[in-house]
Amino acid sequence: MITSIQGLLTSATPLHAIVELNGFGYEVNIPVTTAERLPATGTVVKLHTHVIYREDAQTLYGFATTTDRDFFRLMIEHVTGIGPKSALTIMSRLSVELLESAIRSGDIGMLSKCPGIGKKTAERLVVELKSKVGSGPLGQTASGTTDSATFQPVASVQRDAIAALLALGYKAADADAAVRQAALTLGAKATTEALIKKALA
């Protein structure tokens, strides 16, 4: 099985990346949360991958971290009614850290707001994954933080910033997206206060 791919990023959209390796261009399906962290085209990228083989196709899915890839696998292998496309849609809406937090706390409301995910599917996510996701604080998974040199794991300052926005009344998905964008703009050394200020701007 292909567990990762590293090569030249020649093209990228919010849901696809083309990685050139040894003269071949590999199309990789990615969630928006991974697309946000891709380097500039023309530079080297490493994606952690999962391949799905079917009679008429071989589809490659890629993720910024092994934690993201493993969560994708959990959904498609253990949750009835969730296939690869649905799993990518869910992971494009919320970061894995917030998804795991919602599953641990049984927050059906947050999960059911993801496009294409109704109340019943959200309930299945909680029932079938609650015992399989990390039991630590927001953002700490069973396997811990990861990862490759290409991507930065979600830092505790980002989790604290998300928690602050939630306390201010932000919806979880909006708080998550705002802090992710603030972190991308300000860089890895940004403080919690700076992230909150940028997210609120």
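Numbers at a glance
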| item | result |
| --- | --- |
| Segment 44-94: number of residues that are touching an Asp or Glu at 6+ places or on another chain (Cβ under 6 Å) and of a type in the set (Gly, Ala, Ser) | 0 |
| Checking Glu27 against (1) surrounded by 14 or more Cβ atoms within 10 Å (Cβ to Cβ); (2) part of a strand (DSSP E or B); (3) among the charged types (D, E, K, R), the condition it does not meet | (1) |
| Residues (surrounded by 24 or more Cβ atoms within 10 Å (Cβ to Cβ) and of a type in the set (Ser, Thr, Tyr)) located in segment 63-100 | Thr65, Thr67, Ser95 |
| Residue tally, condition modelled with pLDDT of 75 or more and not in a helix (DSSP H, G or I), over segment 142-187 | 5 |
| Conditions (1) part of a strand (DSSP E or B); (2) surrounded by 19 or more Cβ atoms within 10 Å (Cβ to Cβ); (3) in contact with a Pro (Cβ under 9 Å, 6 or more places away or on another chain): number failed by Leu47 | (3) |
| Selection within segment 83-106 - without any contact (Cβ under 8 Å) to a residue 40 or more places away in the chain and among the charged types (D, E, K, R) | Lys85, Arg104 |
| Answer residue from segment 172-190, given it is touching a residue at least 24 places away in the same chain (Cβ under 8 Å) and under 17 Å from Glu100 (Cβ atoms) and is surrounded by the most Cβ atoms within 10 Å (Cβ to Cβ) among those | Asp176 |
| Hey, Val19 modelled with pLDDT of 95 or more and in contact with a Gly (Cβ under 9 Å, 6 or more places away or on another chain) or not | yes |
| Looking only at segment 1-53, and only at residues there that are farther than 21 Å from Phe71 by Cα and among the aliphatic types (A, V, I, L, M), the one that is farthest from the chain's Cα centre (by Cα) | Leu21 |
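The values are calculated or read from the model by the stated rules, or taken from the named source; none is laboratory data. None of these values were measured; they are calculated from a predicted model. For neighbour counting, all protein chains shown are included, and Cβ atoms are generated from backbone atoms with ideal geometry for every residue, glycine included.
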